[in-house]
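Read through the structure below, which is laid out as structure tokens, and then see the notes.
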Amino acid sequence: DAGITQSPRHKVTETGTPVTLRCHQTENHRYMYWYRQDPGHGLRLIHYSYGVKDTDKGEVSDGYSVSRSKTEDFLLTLESATSSQTSVYFCAISDSSGGHQETQYFGPGTRLLVL
Amino acid sequence: SQQGEEDPQALSIQEGENATMNCSYKTSINNLQWYRQNSGRGLVHLILIRSNEREKHSGRLRVTLDTSKKSSSLLITASRAADTASYFCATGLYTGANSKLTFGKGITLSVRP
């Protein structure tokens, strides 16, 4: 999985609790992404980062925040988890080629269940 | 909204047959990529075709791109049971210094031994 780990791999939590998912890479890639995957929706981008402390919103960012204080770590936080955030979360990384990133490499995913 | 829309949603073929999967998109792109996802795993990049290319090959994979029709196809020749997976097309668009991929909903391919 191209030097990408996600933790935890599985989590069960209760509605209203904060949850933080961690993505760690050993590839020194510039770009990092958080997606969620749900049946019938494919992969949807939550947030992404184009450098340390540089982040931007994706398609489904409401209810999520991110932080990137080091090149290798990208954290996704659910401030107050809701049942609609039950999903499989994937982290991806990418490097730049000619100034633009192209191929993305995915982590193994985190299965989150919000009760 | 999803940029890429794959067709069909599900495909079942016999081992040894060819599998053709299609992807349509709506706006301009810089590249189009295909990814595979085995059950319970992350996505794996298969092939990338740039907007100025029409066809690319990689092993048993052949991808075409028709920018006038905003469509792409992925052909897997001589399929194997191990090709059973979900396949996603993703369109890449550069905006300034950043670029993002927009994924379709995926095609489930089953290859019967």
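Hey, among the residues in the stretch A:52-62 that are part of a loop (DSSP other than H, G, I, E, B) and within 12 Å of chain B (Cβ to nearest Cβ), which one's nearest to A:E79 (Cα to Cα)? Looking at residues that are part of a loop (DSSP other than H, G, I, E, B) and within 12 Å of chain B (Cβ to nearest Cβ), I get A:V60.
Being touching a residue at least 24 places away in the same chain (Cβ under 8 Å), away from chain B (no Cβ under 14 Å) and over 14 Å from the mean Cα position of the chain (by Cα) is a description that applies to A:S83. Determine whether B:N31 is surrounded by fewer than 19 Cβ atoms within 10 Å (Cβ to Cβ) and within 13 Å of another protein chain (Cβ to nearest Cβ). No; evaluated as a whole, the condition is false for this residue.
A single member of A:S49, A:S65 is under 12 Å from the mean Cα position of the chain (by Cα), part of a strand (DSSP E or B) and modelled with pLDDT under 95, and it is A:S49. In this structure, is B:V44 within 14 Å of another protein chain (Cβ to nearest Cβ), under 27 Å from A:F90 (Cα atoms) and in a strand (DSSP E or B)? Spelling it out, B:V44 is indeed within 14 Å of another protein chain (Cβ to nearest Cβ), under 27 Å from A:F90 (Cα atoms) and in a strand (DSSP E or B).
Tell me, which residue of the stretch B:93-113 that is facing chain A (nearest Cβ under 7 Å) and in a strand (DSSP E or B) is surrounded by the most Cβ atoms within 10 Å (Cβ to Cβ)? Applying the filter and picking the extreme gives B:L101.
Within the set B:I29, B:I49, the sole residue that is part of a strand (DSSP E or B) and either under 18 Å from A:S94 (Cβ atoms) or among the small types (G, A, S) (or both) turns out to be B:I49. Is there a residue being closer than 27 Å to B:N98 by Cβ, touching a residue at least 24 places away in the same chain (Cβ under 8 Å) and either away from chain A (no Cβ under 13 Å) or not in a loop (DSSP other than H, G, I, E, B) (or both) anywhere in the stretch B:53-64? Yes, some residue in the stretch B:53-64 is closer than 27 Å to B:N98 by Cβ, touching a residue at least 24 places away in the same chain (Cβ under 8 Å) and either away from chain A (no Cβ under 13 Å) or not in a loop (DSSP other than H, G, I, E, B) (or both). The residues listed here are A:R36, A:R22; of these, the one that is assigned to a strand (DSSP E or B), surrounded by fewer than 21 Cβ atoms within 10 Å (Cβ to Cβ) and either of a type in the set (A, V, I, L, M) or more than 8 Å from chain B (Cβ to nearest Cβ) (or both) is A:R22.
The values are calculated or read from the model by the stated rules, or taken from the named source; none is laboratory data. Everything numeric in this text was worked out from a predicted model, so none of it was measured. Methodologically, a virtual Cβ is constructed for each residue, glycine included, from the backbone with ideal geometry; neighbour enumeration extends over all protein chains shown.
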